[in-house]
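The block underneath contains the structure these notes are about, expressed in structure tokens.
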Amino acid sequence: MKKNKPKLYFASSDTCSSPVNLALRCNDQQPGLFAGCYLIYSWAVIETGPGRYDWSNVLAELDLCESFGMKAFLTLRDKRWVWFLKDRQTHAVPRDLLPLGQFEKQQQFTGTPSHLVRVAKRWDANVQARFLLFLAEAGKALSGHPALAAFEITETSLGHQHARDLEVFGYPGAREYSEIMKRYMHAARLAFPRQDVFLALNWIPGARSDALSEHIMLFEYAKKIGVGISVTDIAPQNFPDYVDAVYKKFAAYTGKIPLAGKMERSSYRLWEPGRGHVGVDWVFGYVENTLMLDYLVLQDDPMDAVTKIGFYESVMPYLKRWMAK
């Protein structure tokens, strides 16, 4: 049985543009197409010192969403992609927790150079305590805002690496890591009682190998405490083995917990010279009928670097047709 289409949220990877402005431009073409925007903020930027927080930029974007009748899906990250820094920070944790509070890893993408990723050591006692306090303070500052619909704890360990690749950084193993995630999930649920709360599970250590049982246990814990699950890069055409390990688990939890997913532009911009965008209907159909998501976040640049065609001229026609079905 087909489920209702997910609410669409827009996330911009453009370092100079607010996703609010870009979503508004899309909604000008198709009123109501995007329910709102996916807002990304760094822990390291907001916590300027121990116990000192600057929420002004977050609140300003929430106010902007509200003024245009849109909702916000907010994620507070404790990781940094050093090659993509909207806020120009190069660290994942507040400065007073450096250097021991994070680890660095080269992330290799097909056809692109390696990029440095800095990630918080959630298994470090000091980092863990501070982030739990950060979540509590975030709830006090933001949970009452009428525009905030959803809140997400982002994943920590990046890439397709086996869990043992993290041992050099002190990674304690899948069982202890999953217990830490449960503490974070519980803290976020308490901090944001009015919102849908998510834990991002894509790229969790070992999710593709020996820690799959721990991965599934987090679905069960999420159901127990009323937290949703999200995946951070839906790309079934690129990772068929991951579909079996993770994506198909979603169907068993439809209607039991909120489900969300994010698509990088490479996942729905399946461009072929002379043919344009191919496979868009298939990818969106997979989201609707197999994953059966409640929220779908689309990330894109205003202008595609390869085709030199904007999001509005290229993907928007497919979105309009898909949403009209």
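What follows draws every value from the coordinates through simple rules; no lab data is involved. Nothing here was measured: the structure is a model prediction, and the numbers come from that model. For neighbour counting, all protein chains shown are included, and Cβ atoms are generated from backbone atoms with ideal geometry for every residue, glycine included.
Once the C-beta distance of Glu104 and Trp55 is scaled by a Förster radius of 22 Å, the resulting FRET efficiency is 0.20 to the nearest 0.05.
A protection proxy built from the mean count of other Cβ atoms within 10 Å ranks the segments 222-232, 70-80, most packed first, as 70-80, 222-232.
As a proxy for reagent exposure, Lys105, Lys262, Lys256 were ordered by neighbouring Cβ count within 10 angstrom, fewest first; the result is Lys256, Lys105, Lys262. Label-to-label distance for Ala251 and Ala136 is 4.3 nm, based on points extended 7 Å past Cα in the beta-carbon direction. Report note on the peptides 290-297, 49-56, 135-142: ranked by the mean count of other C-beta atoms within 10 Å, highest first, their order is 290-297, 135-142, 49-56. Taking each residue as 0.36 nm, the span from Arg183 to Ala324 lengthens on full extension beyond its C-alpha to C-alpha distance by 46.7 nm.
Return the subset of Lys79/Lys182; Lys5/Lys140; Lys105/Lys262; Lys5/Lys249; Lys5/Lys256; Lys105/Lys249 for which the Cα-Cα distance in this structure is over 26 Å, preserving the input order. Exceeds cut-off: Lys5/Lys140; Lys105/Lys249.
Counting every other Cβ atom within 10 Å of each residue's Cβ, Glu288, Glu179 order from fewest to most as Glu179, Glu288.
Applying the Kirkwood pairwise sum to the alpha-carbon positions of the range 23-80 produces a hydrodynamic radius of 12.7 angstrom.
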